[in-house]
Amino acid sequence: MALASGVRFAARALLRPWALLRGTTLGRTEPAAGGGGDGARRFGSQRVLVEPDAASGVAVMKLRNPPVNALSLELLTELVISLEKLENDKTFRGVILTSDCPRVFCAGLDLTEICGRNPAHCAEYWKAMQELWLRTYLSSLVLVAAINGACPAGGCIIALSCDCRVLADNPKYRIGLNETLLGIIAPFWLKDTYVNTIGHRASEQALQLGSLFPPAEALQVGLVDQVVPEDQVQSTALSEMARWLAVPDHARQLTKNMMRKATADRLLRQRDADTQNFVSFVCRDSIQKSLQAYLEKLRQRKG
Ligand SMILES: CCCCC/C=C\C/C=C\C=C\CC(=O)SCCNC(=O)CCNC(=O)[C@H](O)C(C)(C)COP(=O)(O)OP(=O)(O)OC[C@H]1O[C@@H](n2cnc3c(N)ncnc32)[C@H](O)[C@@H]1OP(=O)(O)O
């Protein structure tokens, strides 16, 4: 009951994002720990914490959906709204995207959103996923992913939509698109994003094998730009940000658009068909069974 109303609330907000601003902490600012002036005030929502620094024009956006930052409908909605809010505020030129959950950047799709759900819910969920990807991939802001934990599947896609990726050097923090291992297929726009980042041959191999790369291999294949000790992820992300912000915004933004527009347009042209494909695929009995089995395996793995 509570979940159903939460989902309806999130869905309404996706259509009318400002609806979510009422009755939540989103849009409300509060002093950041140890902060004083306007530049140190933070805002956010239940699942996304935003720490803006007006002086530098950089905000740190933290995913906070424990235990593993699975991309629930609510988290997707709140991420889109928080990003939009920063984009509309001309004070900000860059965002560092990171996790507030220990050891996990983002576990990808929230499998409970597509297991045992009706087609209408799966469609609504997938549209929210498309929306987040389009918003991040085409964002006018510089986005740096400070990857401080495991980063499979949908988590990897969020990181790949950023302009630059810094990964903590921990063998448990693997990154990649592992969909095939769940018996599902990455949609074409995830595949395109992969190819745009690591090239065709490497993507062909990694996608079919469902490879999750440990840090050194992720660096070697070009999936991330830097691998650094865990306690240096944030500072390195800030240094990267400074490098990107040294470029005039208009030139960088137009260049980003030139590089990414064709890929995004491909999804924009076939958004409804992509949604229908997704829904008919995940609602198949055989796919539902393999998703259930995968979730069960994850639950049993514990302890
Ligand atoms: C022909 C047309 C084709 C059209 C397209 C069709 C399909 C496209 C489809 C999809 C694209 C999919 C992309 C995805 O993102 S799928 C999700 C893939 N994610 C994973 O495989 C990650 C799974 N999780 C993990 O490996 C680990 O949890 C992780 C390494 C992230 C963290 O490990 P840790 O040991 O810290 O935590 P756990 O004990 O494993 O988990 C805690 C808790 O969280 C639950 N959980 C984990 N991941 C998910 C998830 N993705 N969704 C929902 N719930 C998750 C886990 O079950 C535990 O729950 P509980 O036991 O505490 O109840």
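Here are a few things to note about the model shown:
- Of all residues making up region 257-291, the number that are touching a Leu at 6+ places or on another chain (Cβ under 9 Å), more than 9 Å from the ligand (Cβ to nearest atom) and farther than 24 Å from D163 by Cβ: 1
- Annotation note: of A145, A128, the sole residue that is farther than 19 Å from I287 by Cβ and in contact with a strand residue (DSSP E or B) (Cβ under 7 Å, 6 or more places away or on another chain) is A145.
- Looking only at region 90-115, and only at residues there that are of a type in the set (S, T, Y) and within 17 Å of E230 (Cβ to Cβ), the one that is nearest to the ligand (Cβ to nearest atom): S99
- Helices (runs of 4 or more DSSP H) wholly inside region 197-257 that include at least 3 residues being closer than 21 Å to N178 by Cβ: 200-209, 215-221
- Residue list for region 166-196, restricted to those being buried (at least 19 other Cβ atoms within 10 Å of the Cβ) and polar (S, T, N, Q): N178, T193
Every read-out reported here was derived from the displayed coordinates using simple, explicitly stated rules and does not represent laboratory data. Remember, it's a predicted structure, so these values are computed and weren't measured experimentally. Cβ: placed from backbone, ideal geometry, glycine included. Neighbour counts: every protein chain shown.
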